[in-house]
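Here the structure comes first, spelled out in structure tokens, and everything after it is commentary.
Please treat every number below as a calculation from the coordinates, not as lab data. Since we're looking at a predicted model, the values are computed, not measured. Reconstructed Cβ throughout: ideal geometry from the backbone, glycine too, with neighbour counts over all protein chains shown.
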Amino acid sequence: MVDITARQRLKLLAGAAALMTSACGGASRSAPVTPDATTPPPPPPPPPPTSDFTLTDGLLRDTFRNNFSMGTAVTAEQINSNDLSARLAREQFNVVTPEYELKADQISPSEGVFNFGPADRVVDWALDNNMTVRGHALLWHEATPDYFYQGTPSQIRARLENYITTVMRHFAGRITVWDVVNEVTSVDIFNGDNGIGPDRRSRWFEATGGADYIDWAFLAARAADPSAQLFLSDYETENTFKMNWTMEIVRRLLQRGIPIDGVGHQFHLQLDTEASTALAAIDTVTNEFAGLVNHVTELDVNFYQNSGECWQSGTGCQPDIGPTPPPESLAAQARLLRDLFNGLVNRSTVESVNVWGVRDNDSWLNFAPVTRTNYPLLLNRAGEAKPALRAIIDQNYQI
Ligand code: 9MR
């Protein structure tokens with residue numbers, strides 16, 4: 001995983017590149033008739049449309065208004081620079097997740113230091129624009145400074161409780177939904193299944209000697225802000241094996257009386273993912289745990305298939321597609337997302353669906369596992385609706 005500062009630098013470069021490549025009319029017109037002194041010159045004609053479709057204000061969120069809220073990830077940098085993605089986020093979505101500003105390495109880079117500035121910026125901007133905020137994430141094994149893991153298990157617990165209490169109280173009333181723990185399920189299933197079981201062998205697990213830290217986090221979160229909705233979020237819940245392990249963890253939490261309100265499914269999907277596998281994950285939660293709700297937390301569709309080797313060492317990766325996405329891939333993305341959204345609207349436990357970025361150039365998948373042009377989101381680099389967006393808002397749109 002690329003570190004945060006490198007990622008931020010890359011994002012800035014990507015933003016600049018997108019600006020430089022944005023089209024600017026340029027069609028030549030015939031010479032104007034010489035105006036007479038009394039008639040004002042006619043206004044210039046509007047630029048030719050680049051597509052036969054206009055994404056009117058609020059269309060995306062309004063399409064799903066009776067089903068679930070529609071969210072996206074935004075950064076403080078995008079807001080501060082009035083980036084096109086921030087403007088489109090405000091126009092089309094009603095939930096914002098700060099993409100990294102609420103992570104421990106940003107909020108508290110060293111012990112006792114709390115830096116809320118960038119997160120406050122995103123949260124206040126969202127609220128000013130009538131959007132709600134998903135808090136992401138109180139505990140993760142990435143983007144977390146080393147000091148969190150130092151000392152005895154009881155020292156680590158006390159520090160974690162203090163962190164969660166301080167952060168949640170700071171945002172109380174402004175952030176009403178939190179990913180309390182992120183990605184705590186074992187990934188052993190992808191490493192040949194060595195019988196490790198449901199709990200990820202993360203630094204949290206190693207430093208505390210087990211998975212009780214998950215309980216500690218939820219208990220502290222409920223105590224800090226009893227009105228907040230508390231989630232466990234993970235990726236590849238569309239994989240039955242991984243989902244079973246996530247379910248084992250949720251079951252254990254509920255059996256112990258640990259407060260949890262819902263499961264977040266990141267849904268970082270592939271072009272060949274069957275929507276039914278993702279919908280099955282939603283149903284698994286609904287069918288076993290009456291009262292728990294589902295959120296889709298980080299939806300995107302990767303245009304590359306990454307081998308384990310590519311993820312682990314950055315070698316053997318598929319080559320860059322380049323600046324023109326293959327039409328058949330755009331169509332596959334549109335079909336997958338239409339099937340997914342058609343299933344999500346019929347599932348009453350789905351309260352919130354969030355895509356992980358606004359325009360294709362915003363996505364982490366342009367940089368992970370290696371730097372390549374990717375097309376994972378609903379809007380293209382120019383901020384126009386892609387086939388996937390049109391497919392989910394209009395059943396008559398021909399893919
Ligand atoms: O997209 C996020 C990227 O901008 C950050 O640099 C990175 C580290 O904070 O986190 C990325 O988001 C991750 C999310 O928080 C959890 N699931 C996986 C996402 C992609 O790595």
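A few points about this structure:
- Scanning the range 222-248 for residues that are away from the ligand (no atom under 16 Å from the Cβ) and under 17 Å from residue 291 (Cβ atoms) yields 222, 226, 227, 228, 229, 230, 247.
- Number of positions in the range 176-189 that are of a type in the set (Asp, Glu) and surrounded by 24 or more Cβ atoms within 10 Å (Cβ to Cβ): 1
- Residue satisfying condition, being touching a strand residue (DSSP E or B) at 6+ places or on another chain (Cβ under 8 Å), without any contact (Cβ under 8 Å) to a residue 60 or more places away in the chain and within 15 Å of residue 164 (Cβ to Cβ), within set 181, 177: 181
- Odd one out for residue 181, checked against (1) closer than 30 Å to residue 96 by Cβ; (2) assigned to a helix (DSSP H, G or I): (2)
- Test: residue 167 is buried (at least 20 other Cβ atoms within 10 Å of the Cβ), part of a helix (DSSP H, G or I) and either of a type in the set (D, E, K, R) or in contact (Cβ under 8 Å) with a residue 24 or more places away in the chain (or both): yes
- Counted residues, the range 130-163 - those being within 16 Å of the ligand (Cβ to nearest atom) and either surrounded by fewer than 17 Cβ atoms within 10 Å (Cβ to Cβ) or not in a strand (DSSP E or B) (or both): 8
- For the criterion of being among the small types (Gly, Ala, Ser), outside any strand (DSSP E or B) and within 16 Å of the ligand (Cβ to nearest atom), residue 85 passes.
- Being away from the ligand (no atom under 16 Å from the Cβ) and either β-branched (Val, Ile, Thr) or part of a helix (DSSP H, G or I) (or both) is true of residue 61.
- Subset of the range 190-207 [buried (at least 17 other Cβ atoms within 10 Å of the Cβ) and either out of contact with any Phe, Trp or Tyr (no Cβ under 8 Å at 6 or more places or on another chain) or over 24 Å from residue 136 (Cβ atoms) (or both)]: 200, 202
- The single condition among (1) assigned to a loop (DSSP other than H, G, I, E, B); (2) of a type in the set (Val, Ile, Thr); (3) within 24 Å of residue 357 (Cβ to Cβ) that residue 258 does not meet is (3).
- From 187, 180, 167, residue being farther than 29 Å from residue 281 by Cα, within 16 Å of the ligand (Cβ to nearest atom) and within 24 Å of the chain's Cα centre (by Cα): 167
- Flag for residue 217 being of a type in the set (A, V, I, L, M) and either free of Cβ contacts under 8 Å to residues at least 12 places away in the same chain or surrounded by fewer than 16 Cβ atoms within 10 Å (Cβ to Cβ) (or both): no
- Residue 134 being touching a strand residue (DSSP E or B) at 6+ places or on another chain (Cβ under 8 Å) and of a type outside the set (A, V, I, L, M): yes
- Some residue of the range 185-202 being polar (S, T, N, Q), within 23 Å of residue 298 (Cα to Cα), in contact with a Lys or Arg (Cβ under 9 Å, 6 or more places away or on another chain) and not in a loop (DSSP other than H, G, I, E, B): yes
- Note on the range 271-305: residues that are surrounded by fewer than 18 Cβ atoms within 10 Å (Cβ to Cβ) and within 25 Å of residue 376 (Cβ to Cβ) total 7.
- Criterion: within 15 Å of the ligand (Cβ to nearest atom), part of a loop (DSSP other than H, G, I, E, B) and out of contact with any strand residue (DSSP E or B) (no Cβ under 6 Å at 6 or more places or on another chain) - qualifying residue of 111, 101, 77: 101
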